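Asker: I'd like to ask you about the structure that follows.
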Amino acid sequence: MTRSRALALLSAAGTLAFLAAVLALHGLQPAQDPISVTVSEYVLGHGGWLFTAGCAAWGLGSLALATLLARTGSSRTGGALLTIWATGILLVAIFPTDPIDRANQSVHFTTAGIIHAIAGQLAFICFGVAAVMLTRAQRSRGLHTMAALCAATLAFAVAVTALGQFQLFGLAERLLLSAYIAWSLFMTAHAGRKARPGS
């Protein structure tokens, strides 16, 4: 197996592991409202370790994707932003979120919760920008569609956060994560095919 193929497999496996973890958590905690409750909050309930494991897997998978893209001559700035995203999602795995008091529309932050919030928000922004930059030179219509969805869902999530719409946090995050997962898988497949034979 070539190094590029191994990196592509690690990237895809990490992304799919996160997706599987989140889907499993929705089954384990069916009482959670997917419109208002963020995915991060599942770590506080039954089977919460799956969220931690999923984030760690996606973070490592994203590092593999950044390495793979560097081997194909993609945007260095985009690659750096993707690496920051990967680091951020690994921090999200290590430092759990704080529960949101939706009745009073407030959060009582702990140190771990603050790190989680900052790392997560920075990671989300970096991924959205990285997706656009890394896709710009590609000729795949599917990738350009996925990058546009990343940008659109990021804009929606930023607006929801800025306006303090607590009841829409879950929806905004799920739309964002869906776009990011799709782009990761599309880009992994594309970069894997583009890699030089034998590399």
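Just so it is clear, none of the values below were taken in a lab; they were calculated from the coordinates. Please read these numbers as outputs of a predicted model, since none were measured by experiment. Methodologically, a virtual Cβ is constructed for each residue, glycine included, from the backbone with ideal geometry; neighbour enumeration extends over all protein chains shown.
Asker: Quick check: pseudo-label points 7 Å beyond the Cα along Cα→Cβ at residue 9 and residue 35, how many nm apart are they?
Answerer: 4.4
Asker: Relative to the first principal axis of the alpha-carbon coordinates of the chain, what is the inclination of helix 76-94, with its axis defined by its Cα atoms, in degrees from 0 to 90 and to the nearest 10?
Answerer: It works out to around 40 degrees.
Asker: Set the Förster distance to 41 Å, then compute FRET efficiency between residue 193 and residue 94 from the Cβ-Cβ distance, nearest 0.05. Can you show the working numbers first?
Answerer: Numbers: r = 34 Å, r/R0 = 0.82.
In this case the efficiency is close to 0.75.
Asker: Against the longest alpha carbon principal axis of the chain, how many degrees, from 0 to 90 and to the nearest 10, is the axis of helix 141-162 turned?
Answerer: Here the helix axis deviates by roughly 20 degrees.
Asker: Residue 129: net charge of surrounding residues, Cβ under 15 Å, Lys/Arg +1, Asp/Glu -1, itself excluded?
Answerer: Details: positive: 76, 136; negative: none.
In short, +2.
Asker: Against the longest alpha carbon principal axis of the chain, how many degrees, from 0 to 90 and to the nearest 10, is the axis of helix 3-28 turned?
Answerer: So the helix axis and the longest Cα principal axis differ by about 20 degrees.
Asker: Okay, next question. Can you sort 42, 180 from fewest to most other Cβ atoms within 10 Å of each residue's own Cβ?
Answerer: With the fewest neighbours first, 42, 180 line up as 42, 180.
Asker: I'd like the FRET efficiency for residue 46 and residue 107, computed as 1/(1 + (r/R0)^6) with the beta carbon distance as r and R0 of 22 Å, rounded to 0.05.
Answerer: In this case the efficiency is close to 0.55.
Asker: Which of the peptides 107-117, 140-150 is most tightly packed, and how do the rest follow, going by the mean number of other Cβ atoms within 10 Å of each residue?
Answerer: In decreasing order of mean packing, 107-117, 140-150 become 140-150, 107-117.
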